[in-house]
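A.B. asks: I'd like to ask some things about the structure below.
The values are calculated or read from the model by the stated rules, or taken from the named source; none is laboratory data. All of these numbers come straight from a predicted model, not from anything done at the bench. FYI the Cβ positions are ideal-geometry reconstructions off the backbone, even for glycines, and counts take in every protein chain you see. Just the protein is used for accessible areas: all its heavy atoms, side chains included, with ligands, DNA and RNA removed. Shrake-Rupley method; radii C 1.70, N 1.55, O 1.52, S 1.80 Å.
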Amino acid sequence: MTINHIKQTMPFQDKDFIIHNIQLLEEKGLSKISTLPFAARVMIENLARNMGSGTISWEDVVNTAKFYESGSNTSNLVAFYPARVLMQDFTGVPAVVDFAAMRDAVHAKGLDPRRINPLVPVDLVIDHSIQVDHFKEKNAFFLNAKKEYERNQERYKLLKWAQKSFDNFRVVPPESGICHQINLEYLATVVATKKTLEGILAFPDTLVGTDSHTTMINALGVLGWGVGGIEAEAVMLGQPYYMNLPEIIGVNFVGKPKKQITSTDIALYVTNILRKENVVEKIVEYTGEGLKNLSLTDRATISNMSPEYGATAGFFPVDNQTLDYLVKTNRSDTAALVEAYTKTCGLFNTHDTLPVFSKIIDVDLSAMETSIAGPSRPQDRIPLSKVKEKTTAIYDLGNRKNIQITPKDSIANQTPALTNGSVVIAAITSCTNTSNPYTMIGAGLVAKKAVEKGLCIPWYVKTSLSPGSRVVLDYLNESGLMEYFEALKFNNTGFGCMTCIGNSGPLDPFIEEAIKTNDLDVTSVLSGNRNFEARIHQEVKGNFLMSPLLVVIYAIAGRIDIDFETQPLGFSKDNTPVFMKDIWPDSQEINQFVETYVKKRFFKDQYANIFKGDKLWQELEVPQTTTFNFDEKSTYIRTPPFFKDFSQTVPELKDIKGAKALLVLGNSVTTDHISPAGAIPVEYPAGKYLEDNDVKPWEFNSYGSRRGNHEVMLRGTFANIRIKNTLASKTGGFTVKFPEQEEGYIFDVAQKYKTENTDLIVFGGKEYGTGSSRDWAAKGTCLLGARAVIAQSFERIHRANLVGMGVLPLVFKKAESFENLGLMGDETFEITGIKDILPNSLLTVKATRNDKVKSFQVIVKLNTDIEIDYIKNKGILHYVLRNMISA
């Protein structure tokens, strides 16, 4: 049997579309396609359609179907071809820099640099750079945007150059919104089309993205997930995304949420239970009758947080909710094609039967509670009724309220005091929740009722409203709710990720100095998806995730340790106590506002010229050239070192000998710990480098904005001020140089090891590399000289990024760890047999200390033969480049 046996023509609106109808596999007795999870069906179609690529056989298609029928534990390696790639600027800039460097490398070999060009469509949305510098001001957005361009002009010129110089490369300019929300509201087609010699091909829209929250698009029935920037670059160059077939777990929603429950509450609950279920490297597919009670934007919040619960994807199949959302967002023609195609090909969920999953987890929506999560992990859910008790215990607030700080001009006993447990940042932020009109309208109604009651927000709370698309501001203005946000000083600060990714901007100097001087444990509240240590602001120790409604309420309360049942938020104009229940809107009221004020024309108007950009973008002048003119004096964009002295010969893979431990880390080390995105401390190596290059501290910008300069990022690796390296005596980016026992910054110590030609190893615990997909967490690890990372377990994306940079990911055997093996960290390490490694094979590590040798085995966490090739080539881009040059 061949591909032609499932190829069909589908007539639609006076056109004939070529489709690959995998339901015919069932008709021919080869598979029970109708019983499989919908995510599996999408993957099978992808394999079948790409059989002509030379990387996929008919057996791959049939075996994949059988794998998902049987629930076998023996997975197959497959080549997945995403229809497109989604990027944001923090990960997009280093990718473009890599592409420019590869063009230089190809040019140096006497070949046409244009061979380095995206072969699949790429959309890059500039959303990660704007910061909350101005707030509580009517024109805060304009001022923040102006400052953004001042800081990032070099980076934006690079991206505009890429837009002009590469084919298949579109850039959504700054001030448009967040990539995932724009993807949900506009970019995604659900069913993609492509002109071929045979005719118009129709197929499922799929993607990979260089941001871990790419999974948000799963809510629309589009299969996609976050990958490392290095992997994305390979996909852009026409390489498939190689993976072992992921297990698909079914989450069976039953029941209906109570009226006060928000999509955030559901997402935090799901994150909590699925993290316990260990769904890492698995796809979660949502099913069950309860799906009918979740709007598409409710689903988007749940899908968005897939990285937080560890899954590769959190998939909602196409159903009537999908079609309704496409119509409401001005995509009626798209909805019609999606309906015709998915119903023809068995990809439309009628909710009549439950697919066969490897495991089913039941979730009762009616049992949900209003919740928040924190203080430093998204999976640490706290029911609202337990927050006061929990936070009081965490920060010992019962004994630490003696410090009371008020402004100098305040009136005694009338001005709320800054103290331990105070909320100093309250941010309605992130596509996770601003994409949902129900929670945004709900928050607006909370603000309205609060203002009408005469409530206000304490002086020390930094408030901000950062919508994920301009449509949000349209319906908030149309409904009249924006004026109430502004009355509470939740002014619009910009359209971008902002506080959610750590771009919260500075606190008032008086407040920041008070926090430092008194060592206050202060908190932030945000409607985001991550709350890792030092991510939101370096002086804020506790960060709590919650719905936009609760962000407004906690901002008014001004502290995290409040019992909303028994304690008032404040007092009304007539001095009557006002409780949370007094300003919480009824679900019917929220629904009425959404139906009345969220209008199709807003989507039509805002996305009509989405790629045009504002005046500031249009005024950026860049040449259209084949290669990029790197300025070696730039502190933003530098020629990366990865292709220096590039050779077409594959280097010999050597054993690790005489190695030292650079860091010994604990559990849940995030990519924020490894490669921070926020502020650059003056005293740290990156800060010293910038000062040495005549950059003033107030012009440092952020680590994330300087990812086009390896000199900054190398110095910023493991430079999170909250990282805990057990080799060092203090918290932060420090380690110890052996055998001298000298403590210093990690970069400085690594440089000393480099001069001695000493290999380095990083040790970690469980969930190593959790969080963002940032490739610099792996690039920096590589450039510091680490040959291997040995941990108890890895998060999916970071493990793949390490492989992509040629760093060997190794896993302790079950029940073993750095601690229980009795290692101290000052040993000399040896790992032999590396040149003969196989996927998931064993290697022996020898640790020598005081002439005594301790041996233990580790598992090679390479899942496929192609990953072995990446390691041998010193990385995926070198592998791809060698193949392209030799072709």
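A.B. asks: Which residues in the stretch 141-183 place their backbone N less than 12 Å from a point set 7 Å from the Cα of Ser634 along the Cα-to-Cβ direction?
C.D. replies: In the stretch 141-183, the label zone of Ser634 (backbone N under 12 Å from the point 7 Å along Cα→Cβ) covers 152-162.
A.B. asks: If Rh is defined by the Kirkwood formula over all Cα pairs and Rg also comes from Cα, what ratio Rg/Rh do you get for the stretch 746-887?
C.D. replies: On the way: Rg = 15.3 Å, Rh = 15.8 Å.
Radius of gyration over Kirkwood radius for the stretch 746-887 works out to 0.97.
A.B. asks: Could you quote the convex hull projected area for the stretch 816-866, Cα atoms only and averaged over all directions, in nm²?
C.D. replies: The number I arrive at for the stretch 816-866 is 4.0 nm².
A.B. asks: A follow-up question, please. With both partners inside the chain, how many of the DSSP beta bridges are antiparallel, as a percent to the nearest 5?
C.D. replies: That works out to approximately 45 percent antiparallel.
A.B. asks: I'd like the distance separating the alpha-carbon centroids of the stretch 102-136 and the stretch 411-467, in whole Å.
C.D. replies: 37
A.B. asks: Right, another one. Taking amide hydrogens as modeled 1.01 Å from N in the peptide plane, which residues meet the under 5 Å criterion relative to Ile249, leaving out close sequence neighbours?
C.D. replies: Ile283, Val284, Glu285
A.B. asks: I'd like the accessible area for Trp459, computed on protein heavy atoms only with a 1.4 Å probe and all protein chains in place. Round to 10 Å², please.
C.D. replies: The accessible area of Trp459 comes to roughly 70 Å².
A.B. asks: Report the far tail of the P(r) of the stretch 197-253, meaning the percent of Cα-Cα pairs longer than 17 Å.
C.D. replies: Distances greater than 17 Å cover 53 percent of the Cα pairs.
A.B. asks: If you don't mind, there's one more thing I want to ask. Once R0 is set to 35 Å, what does the formula 1/(1 + (r/R0)^6) return for the Cβ-Cβ distance between Asp826 and Ala393, expressed as a FRET efficiency to the nearest 0.05?
C.D. replies: The computed FRET efficiency comes out at 0.45.
A.B. asks: Hey, another quick one. Can you return the lysines within cross-link range of Lys138? Criterion is Cα-Cα under 20 Å, with same-chain partners fewer than 8 residues away left out.
C.D. replies: Candidates past the 8-residue exclusion: Lys146, Lys147, Lys448, Lys462, Lys489.
A.B. asks: Looking at the stretch 165-263, what % of its DSSP beta bridges pair antiparallel, to the nearest 5?
C.D. replies: The antiparallel fraction comes to roughly 55 percent.
A.B. asks: If Lys and Arg each add +1 and Asp and Glu each add -1, what is the summed charge of the other residues whose beta carbon sits under 12 Å from the beta carbon of Asn21?
C.D. replies: Working: positive: Lys7, Lys28, Arg41, Arg49, Lys343; negative: Glu26, Glu27, Glu45.
Overall, the nearby charge balance is +2.
A.B. asks: With both bridge residues required to lie in the stretch 234-388, what share of the DSSP beta bridges run antiparallel, to the nearest 5%?
C.D. replies: Working: 3 of 18 bridges.
That works out to approximately 15 percent antiparallel.
A.B. asks: Hey, what did the stretch 456-544 get for relative contact order, percent, Cα under 8 Å, at least 6 apart?
C.D. replies: Relative contact order here is 25 percent.
A.B. asks: Follow-up question, since we're still on this one. Based on the Cα gyration tensor of the stretch 39-97, what are the three equivalent ellipsoid semi-axes, each the root of five times an eigenvalue, rounded to whole Å and given largest first?
C.D. replies: Taking √(5λ) for each Cα gyration eigenvalue gives 29, 14, 10 Å.
A.B. asks: Starting from the amide H of Met243, placed 1.01 Å from N in the peptide plane, find each other amide H under 5 Å away whose residue is 5 or more places distant or on another chain.
C.D. replies: Residues meeting the criterion, in which the H sits 1.01 Å from N, are Val78, Phe80.
A.B. asks: If you don't mind, another one. Once the Cβ-Cβ distance between Asp324 and Asp645 is put in as r, and R0 is 60 Å, what FRET efficiency do you end up with, to the nearest 0.05?
C.D. replies: Calculated value: 0.60.
A.B. asks: Using r as the Cβ-Cβ distance of His5 and Leu119, and R0 as 45 Å, what FRET efficiency do you calculate, to the nearest 0.05?
C.D. replies: Once the sixth-power term is evaluated, E becomes 0.95.
A.B. asks: Further question on the same structure: Quick check on the stretch 534-677: take the gyration tensor over C-alpha atoms, sort the square-rooted eigenvalues as a ≥ b ≥ c, and tell me if it's rounded (a/c under 1.5), prolate or oblate.
C.D. replies: On the way: a/c = 3.13, a/b = 1.58, b/c = 1.98.
It comes out oblate by the Cα gyration axes.
A.B. asks: Could you please state, rounded to a whole Å, how far the C-alpha centre of the stretch 500-554 is from the C-alpha centre of the stretch 772-808?
C.D. replies: 29
A.B. asks: Under a crude label model (7 Å from the Cα following the beta-carbon direction), how far is Lys852 from Gln624 in nanometres?
C.D. replies: The answer from the label model is 7.0 nm.
A.B. asks: Next question, about the same structure. Full-extension gain between Ser841 and Asp614, please, as 0.36 nm times their residue separation minus the C-alpha to C-alpha distance.
C.D. replies: Between Ser841 and Asp614, full extension yields 76.3 nm more.
A.B. asks: On to the next question. Tell me the Rg and the Dmax, in Å, that the Cα atoms of the stretch 316-470 produce.
C.D. replies: That works out to 23.0, 72 Å for Rg and Dmax.
A.B. asks: Take the alpha carbon gyration tensor of the stretch 607-677, find the square roots of its eigenvalues, order them as a ≥ b ≥ c, and report rounded if a/c is under 1.5; if not, report prolate when a/b exceeds b/c, else oblate.
C.D. replies: Since a/c reaches 1.5 but b/c is at least a/b, the shape of the stretch 607-677 is classed as oblate.
A.B. asks: Per DSSP H run of n ≥ 4, the term is -39500 (n - 2.57); total these for the chain, divide by its residue number, and report the mean residue ellipticity at 222 nm rounded to 500 deg cm²/dmol.
C.D. replies: Numbers: 31 runs with 294 residues, N = 887.
Estimated from H runs of four or more residues: -9500 deg cm²/dmol.
A.B. asks: Taking Cα pairs under 8 Å and at least six residues apart, what relative contact order does the stretch 223-343 come out at, in percent?
C.D. replies: So the answer I get is 26 percent.
A.B. asks: Quick check: Cα centre of the stretch 838-881 to Cα centre of the stretch 620-664, how many Å?
C.D. replies: Their Cα centres are 22 Å away from one another.
A.B. asks: On to the next question. List the extent of the Cα atoms of the stretch 417-543 along each of their three principal axes, largest first, rounded to whole Å.
C.D. replies: So the extents along the principal axes, rounded to whole Å, are 45, 31, 19.
A.B. asks: How large is the accessible surface of Cys782 in square angstrom, using a 1.4 angstrom probe and rounding to the nearest 10?
C.D. replies: Cys782 has an accessible surface of roughly 40 Å² with all protein chains in place.
A.B. asks: Can I ask one more? Expressed in nm to one decimal, what extension gain is obtained for the pair Gln592 and Ser332 from 0.36 nm per residue of sequence separation less their Cα-Cα distance? List each step's numbers first, then the result.
C.D. replies: Numbers: separation 260, 0.36 × 260 = 93.60 nm, distance 2.28 nm.
Residue separation times 0.36 nm, minus the Cα-Cα distance, leaves 91.3 nm.
A.B. asks: Right, next: Would you mind classifying the stretch 549-609 by shape? Square roots of the alpha carbon gyration tensor eigenvalues, ordered a ≥ b ≥ c; an a/c under 1.5 is rounded, otherwise it is prolate if a/b is larger than b/c and oblate if not.
C.D. replies: It is prolate, given that a/c is not under 1.5 and a/b is the larger ratio.
A.B. asks: Further question: Give me the accessible area per residue for the chain, probe 1.4 Å, as a whole number in Å².
C.D. replies: 36
A.B. asks: Around Gln88, which amide H atoms from residues at least 5 apart in sequence, or from another chain, sit under 5 Å from its own amide H, with H modelled in the peptide plane?
C.D. replies: Those qualifying (amide H under 5 Å, at least 5 residues apart or on another chain) are Val125, Thr210.
A.B. asks: Hey, another quick one. Using the reciprocal of the averaged 1/r over all distinct C-alpha pairs, how large is the Kirkwood radius of the stretch 416-482 in Å?
C.D. replies: Roughly 13.1 Å, rounded to one decimal.
A.B. asks: Return a whole-number percent for the relative contact order of the chain, with Cα pairs under 8 Å and 6 or more residues apart as the contact set.
C.D. replies: Contact order relative to length: 13 percent.
A.B. asks: Could you tell me what percent of the accessible area of the stretch 616-655 is made up of carbon and sulfur, with a 1.4 Å probe and every protein chain present? List each step's numbers first, then the result.
C.D. replies: Values: 1190 of 2660 Å².
Summing carbon and sulfur atoms, their accessible area is 45 percent of the total for the stretch 616-655.
A.B. asks: How big, on average over all directions, is the shadow cast by the Cα convex hull of the chain, in nm²?
C.D. replies: 35.8
A.B. asks: Now a separate question. Could you work out what % of the accessible surface of the stretch 745-843 is carbon and sulfur, using a 1.4 angstrom probe and leaving DNA, RNA and ligands out of the count?
C.D. replies: Carbon plus sulfur share of accessible area: 49 percent.
A.B. asks: Can you give the accessible area of Ile200, probe radius 1.4 Å, in Å² rounded to 10?
C.D. replies: Roughly 40 Å² of Ile200 is accessible to a 1.4 Å probe.
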